[in-house]
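Throughout, read-outs are computed from the coordinates displayed, never taken from laboratory work. Source: prediction; values computed, not measured. Cβ sites come from the backbone with ideal geometry, for glycine too, and all protein chains shown count toward neighbours.
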Amino acid sequence: METATPKRRIAPIQTLTRNRRIAEFWRIFQDPVLFTGLVLVVLFVAIAIIDPIYAMVKESLTEKGQELFRHYLSSPVYQRIIRNTLEMGLLVAAVGTFVGFVMAYVQVKVAVPFKRLIHILALVPIISPPFAVATAALLLFGRNGIISYGILGERYDIYGLDGLTLVLTLSYFPVAYLNLRGMMQALDPALDEAATNLGASRWRIFRTVTVPMLIPGIAGSFLLLFVEAIADLGNPLVLGGNYEVLATRIYVSIVGLYDTTAAAVLSVILLVPSLLVFVVQRYWISRTSVVSITGKPSGTPQMIRHPLVVWPLFAAVMTVLLLIVLVYGVIFAGAFTKILNVNNTLTLDHFDFVINGYGSEAMKDTTQLSAIATPIAGVLGMLIAFLVARKKFTGRHALDFATMLGIAVPGTILGIGYLLVFNGPHEITLPIVGTFTLIPKLTGGRAVFGGAIAIVLVYIVRSVPAALRAGVAALSQIDPAIEEASISLGADNFGTFRRITLPLIRPAFFSGLIYAFARSMTTISAIIFLTTPGTKIMTHQILNEVENGRYGNAFAYCVILIAIVLVAIGILAVAVGTSTGAEKTTIEGAA
Amino acid sequence: MAATQAGAIVLKDVQAGTLVLEEVSKLFPQRSGQGDVRAVDRVSLTIEPGEFVTLLGPSGCGKTTTLRLISGFEMPTSGRILLDEKDISHRPPNKRDMAMVFQSYALFPHMTVFNNVAYGLRVQRTARGDVRQRVQRVLDLMGLSGLGERRPHELSGGQQQRVALARSLVVEPRVLLFDEPLSNLDAKLRVQMRSEIRNLQRRLNITSVYVTHDQVEAMAMSDRIVVMNNGQIEQMGPPEEIYRHPASRFVADFIGRANFLDTTIEATGDSQATVTLLGQTATLSVSAPLRPGDRAVAVLRPEVLKLEANPALEQVTIEQTMYLGSTVEYIVRLGEQRLIVVDADPHLGRVFSEGTTAGLAFKPETVHLLAESAA
């Protein structure tokens with residue numbers, strides 16, 4: 001710099017662009033904490049997300065894989081499986097989005113009683129252990145179902161598309177509900193008022209203002225539900241019957257046939273629609289969003305009070321909520337009775353089995369591993385959010401995208417990728433010094449810590465995206481000048497993050513942690529291939545119990561799992577806090 | 001203002017810095033991805049210790065980017081920035097010994113007023129007792145005593161502004177930076193705060209760089225104004241010089257209001273030029289090199305024009321009369337051109353009503369002549 005002459009000519013544009021990139025990295029490099037953070041994040045994304053997916057795709061493209069591709073895509077059996085998968089995905093996406101929309105609309109725009117209760121009940125399925133909803137539905141509406149046979153006298157065959165649509169909709173509609181409710185609340189009531197003022201009726205406003213404004217949210221929810229549905233493994237395992245989908249087929253390929261190549265090929269077929277939807281969601285819908293979030297909406301929305309609108313909608317909402325109550329009621333009742341609907345004697349045997357008996361190990365292991373993964377996922381999520389939203393460097397969009405892949409790809413795919421990548425130790429041989437183990441064997445028999453590391457990694461990978469999105473959303477609400485003020489006053493990046501940013505995004509951090517813990521405790525598809533005799537995971541145990549028809553034990557597992565998650569939320573609320581301290585509170589004495 | 005003469009004692013350690021910008025340029029990639037936008041274009045500027053310099057210009061002129069280059073939130077694409085003869089072009093913003101007052105104040109919403117002000121001192125690991133003492137003194141200085149335990153959202157706009165200023169002052173920066181700090185205040189408070197800031201700056205003798213698009217604010221506060229346009233400096237100088245001798249039509253138009261009359265140089269001599277304006281032959285002092293026959297533009301401020309009921313003068317038609325109390329503003333028509341005339345003393349003369357005609361007079365010494373190239 002000292003040698004630069006004041007009269008030097010302006011460099012050509014291309015050099016400047018390159019210099020700028022170097023300068024951006026140089027600025028990050030100058031801050032050791034930030035630099036370490038960036039390196040850690042990139043390593044994590046490369047090793048835990050990209051590499052397994054890449055390995056799986058590579059495996060599917062081997063000679064044997066290509067053969068299988070041709071076979072699968074031409075065989076009528078597999079064509080039907082693919083068709084089933086898409087059909088189920090579309091149906092669940094449509095029904096789930098519709099249910100979510102109605103619930104959100106009622107919650108935000110219609111004058112109905114018990115709104116708080118409706119909200120809480122609608123969120124209950126978010127903490128649903130896999131298999132729980134499906135098994136409960138089976139007991140309620142199956143051939144010997146408490147309702148279908150017991151009350152209606154109908155020997156209903158719930159296995160197949162109808163049953164799957166029911167349980168998947170119940171499991172995933174809260175995602176659409178939350179999404180659309182947020183958007184509806186952000187709609188400026190002045191829009192409704194302006195339309196009313198111009199003489200539009202309620203119905204006309206709904207058609208010409210509300211729905212068009214929410215199209216991005218509706219489309220987004222539809223796509224999200226579609227991906228969730230086609231990736232779901234637990235429900236089709238219980239309720240699929242003869243209706244086979246890709247996720248179950250992949251599971252059978254690994255667990256029944258030990259054929260990783262076949263599983264990889266099927267996974268790639270499943271990956272295509274998932275990734276397609278992810279890309280569409282990310283680059284199309286997020287760009288066409290017309291909802292402007294300007295902090296607090298002005299004015300109070302006018303509630304719809306017409307009885308002919310209110311009561312039918314209220315009845316519809318209550319029906320959905322009744323289903324949720326029934327399902328969770330069966331889970332609860334099933335956990336406390338010998339065999340629900342056959343021998344209704346109250347018993348604590350199932351809990352004894354889980355807490356003191358065979359299940360205690362799984363309970364401890366799962367909680368422990370989830371507890372390890374949760375803070376890591378939370379911090380990583382906030383760190384990546386900070387880097388992506390606040391720092392300028394080439395590749396930050398790629399970093400965001402790659403992190404999001406952790407949830408965009410179906411869990412089974414991640415599991416197979418881990419099997420392929422971490423089934424042996426990764427070693428590096430240096431001259432003279434000898435051979436080092438970079439990453440030890442993480443999966444399968446004789447893996448370090450019984451495969452626990454791989455499971456924790458998967459937990460983190462599956463949880464970070466939600467924390468990342470929550471973090472980015474929170475950061476976008478914070479004026480960057482606040483952080484610049486801190487730096488201008490002499491604080492470095494790390495100090496600013498710790499003293500200013502983190503406290504201000506505390507609510508996002510908190511929800512990221514809750515999500516991470518709940519997700520880890522309930523995940524099945526991603527870890528089902530990674531459990532070993534050394535590490536027992538509750539969700540896997542639940543599957544065993546369900547497969548062996550010991551529903552009581554399965555339900556006891558579910559109840560305990562839900563209890564652990566609720567207790568953890570309580571602990572996190574106290575330990576992390578849910579507020580920033582910046583909220584407006586009326587201080588006594590203040591005018 | 002609660003500030004007292006103690007002000008100078010509060011910040012006795014302030015070392016006013018000398019800030020130098022040498023050929024500083026900043027290029028941003030265009031959103032389309034095609035090429036770059038030159039936000040700041042070879043800006044050179046020296047700011048003396050204790051000087052109050054305002055960067056003034058319309059939005060998009062590069063003034064804010066220049067401030068961000070000085071503060072270190074942006075790095076220059078080329079050129080150097082020196083503080084007390086040390087090159088700080090690529091020093092991170094937290095190591096520059098400057099403090100910035102933001103447009104949005106950027107108070108830390110989760111901290112009390114006291115902790116906001118103490119923040120910079122705590123970052124510097126100042127001893128606890130010292131922190132308390134110095135924060136208290138600055139709060140007293142800014143008239144914020146007793147508000148230390150409040151949170152930012154419990155303060156009025158003017159109080160928030162003061163906290164932001166106190167937070168920057170307490171770290172005793174060598175250069176104080178202001179990014180349109182008054183634009184969120186209502187008109188009356190803005191006038192009050194600008195004189196408070198100016199008084200404080202003078203008493204504490206802190207080198208200050210102030211960004212604004214409000215020319216009145218710039219005129220009222222600055223030792224020197226730097227007028228920017230399209231990333232370049234159009235003109236810099238004390239407020240009076242900028243107003244009386246604008247270097248270009250842009251400056252004349254942006255600072256205050258101006259009427260422009262095309263004219264031709266008839267004779268020149270000894271930094272003077274003779275032109276015919278409004279039917280009068282006038283000899284004007286000029287700084288630009290002009291030769292007889294050159295086309296030029298005369299800048300006449302509205303207040304140097306005067307309407308008189310005198311048939312010997314060039315006659316204009318009164319199109320609009322606006323009685324504003326202390327002044328009367330006229331829009332008059334001269335041939336194809338509309339001119340603004342401000343009568344600052346309506347009580348002495350008469351008010352001309354719309355539709356009538358009047359003669360237009362001016363004093364030659366108040367006319368500024370621009371070469372056509374500068375226009």
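Rounded to the nearest 5, what % of DSSP beta bridges with both residues in the protein assembly as shown are antiparallel?
Counting only bridges with both partners in the protein assembly as shown, antiparallel ones make up about 80 percent.
Whole-Hz Karplus ³J(HN,Hα) for the stretch B:113-118, in order, using 6.51 cos²θ - 1.76 cosθ + 1.60 and θ = phi - 60°, x for Gly and Pro?
Values, residue by residue: 4, 4, 5, 4, 5, 6 Hz.
Which shape class applies to the stretch A:112-233: rounded if a/c is under 1.5, otherwise prolate when a/b exceeds b/c and oblate if not, where a ≥ b ≥ c are the square roots of the Cα gyration tensor eigenvalues?
Here the stretch A:112-233 falls in the prolate category.
Using helices alone, I'd like the mean residue ellipticity at 222 nm for chain B: each DSSP H run of four-plus residues gives -39500 (n - 2.57), total over residue count, nearest 500.
The helix contribution divided over chain B gives -7000 deg cm²/dmol.
Treat the count of other C-beta atoms within 10 Å as a stand-in for reagent exposure and order A:Arg498, B:Arg68, B:Arg203 from fewest to most.
A:Arg498, B:Arg203, B:Arg68
Please list, in chain and number order, the residues 5+ apart from B:Ala296 or on another chain whose amide H is under 5 Å from its amide H, with Hs placed from the backbone.
For B:Ala296, whose amide H was placed from the backbone, the distant partners under 5 Å are B:Thr263, B:Thr264, B:Ile265.
Treating the angle as unsigned and between 0 and 90°, give the value, to the nearest 10°, between the Cα long axis of helix B:187-204 and the longest Cα principal axis of chain B.
So the inclination is approximately 70 degrees.
Please report the net charge: other residues with Cβ closer than 13 Å to the Cβ of B:Val342, K and R +1, D and E -1.
-1
Most mobile of B:Arg96, B:Arg125, B:Arg190 per a Gaussian network model of chain B (Cα springs, under 10 Å)?
B:Arg125
Quick check: the angle from helix B:128-141's long axis to the longest principal axis of chain B, C-alpha only, nearest 10 degrees?
The angle comes out at about 30 degrees.
Over the Cα atoms of the stretch B:101-194, how large are the radius of gyration and the largest Cα-Cα distance (Dmax), in Å?
Just the Cα atoms of the stretch B:101-194 yield Rg and Dmax of 12.7, 40 Å.
Residues with amide H under 5 Å of B:Asn259's amide H, sequence separation 5 or more or different chain, H placed in the peptide plane at 1.01 Å from N; which?
Here B:Leu300, B:Arg301 satisfy the definition.
Could you name the aspartates and glutamates in cross-link range of A:Lys441, using Cα to Cα under 17 Å and dropping any fewer than eight places away on the same chain?
A:Asp51, A:Glu427
When the helix-only estimate is applied to chain A (DSSP H runs of n ≥ 4, each -39,500 (n - 2.57), divided by the residue count), what is the mean residue ellipticity at 222 nm, nearest 500 deg cm²/dmol?
Value at 222 nm, helices only: -21500 deg cm²/dmol.
Counting only other residues whose beta carbon sits under 12 Å from that of A:Phe422, what net charge do I get with K and R as +1, D and E as -1?
Its environment carries a net charge of 0.
Based solely on C-alpha atoms, express the radius of gyration and the Dmax of chain A in angstrom.
26.0, 94
What does the net charge come to around A:Arg550 if you take all other residues with beta carbon closer than 13 Å to its beta carbon, with K and R at +1 and D and E at -1?
Cβ neighbours under 13 Å give a net charge of -2.
On average, how many beta carbons from a partner chain sit within 10 Å of the beta carbon of a residue in B:147-157?
Average neighbour count from other chains, rounded to a whole number: 2.
For A:Lys338, go through the aspartates and glutamates and keep the ones whose alpha-carbon is under 19 Å away, minus same-chain ones fewer than eight residues off.
Here the aspartates and glutamates satisfying the reach criterion relative to A:Lys338 are A:Asp349, A:Asp352, A:Glu545, A:Glu547.
Which of B:His347, A:His71 has the fewest other C-beta atoms within 10 Å, and how do the rest follow up to the most?
Ranking B:His347, A:His71 by Cβ neighbours within 10 Å, fewest first, gives B:His347, A:His71.
Using only the Cα atoms, what convex hull volume per residue in Å³ does the stretch A:81-182 have?
Enclosed volume per residue, from the Cα hull, is 116 Å³.
Shielding of A:490-502 by partners, i.e. mean partner chain Cβ atoms within 10 Å per residue?
Going residue by residue through A:490-502 and averaging, the value is 4.
Take A:Cys558, B:Cys61 and order them by how many other Cβ atoms sit within 10 Å, fewest up front.
Ranked by crowding around the Cβ, least crowded first: B:Cys61, A:Cys558.
Antiparallel versus total DSSP beta bridges in chain B: what percent is that, nearest 5?
75
Pairs A:Lys115/A:Lys364; B:Lys188/B:Lys306; A:Lys391/B:Lys63; B:Lys26/B:Lys95: which are spaced more than 25 Å apart, C-alpha to C-alpha?
From A:Lys115/A:Lys364; B:Lys188/B:Lys306; A:Lys391/B:Lys63; B:Lys26/B:Lys95, over 25 Å: A:Lys115/A:Lys364; B:Lys188/B:Lys306.
Using θ = phi - 60° and the Karplus curve 6.51 cos²θ - 1.76 cosθ + 1.60, what whole-Hz ³J(HN,Hα) does each residue of the stretch B:165-182 get, with Gly and Pro shown as x?
Whole-Hz 3J(HN,Hα) from phi for the stretch B:165-182: 5, 4, 4, 7, 5, 5, 7, 6, x, 6, 9, 9, 10, 10, 10, 6, x, 9.
Tell me, what HN-Hα J-couplings in whole Hz come from the Karplus equation 6.51 cos²θ - 1.76 cosθ + 1.60 at θ = phi - 60° for each residue of the stretch A:314-323, using x for Gly and Pro?
4, 4, 4, 4, 4, 4, 4, 5, 4, 4
Defining a contact as two alpha carbons under 8 Å apart and six or more residues distant in sequence, what relative contact order in percent does the stretch A:366-534 show?
38
Pull up the cross-link candidates among the aspartates and glutamates for A:Lys392, meaning alpha carbon to alpha carbon under 19 Å and not fewer than 8 places away within one chain.
Straight-line reach from A:Lys392, under 19 Å: A:Glu24, A:Asp31, A:Asp400, A:Asp479, A:Glu483, A:Glu484, A:Asp492, B:Asp36, B:Glu74.
What does the structure give for B:99-108 when I average, per residue, the other chain Cβ atoms found within 10 Å of the residue Cβ?
6
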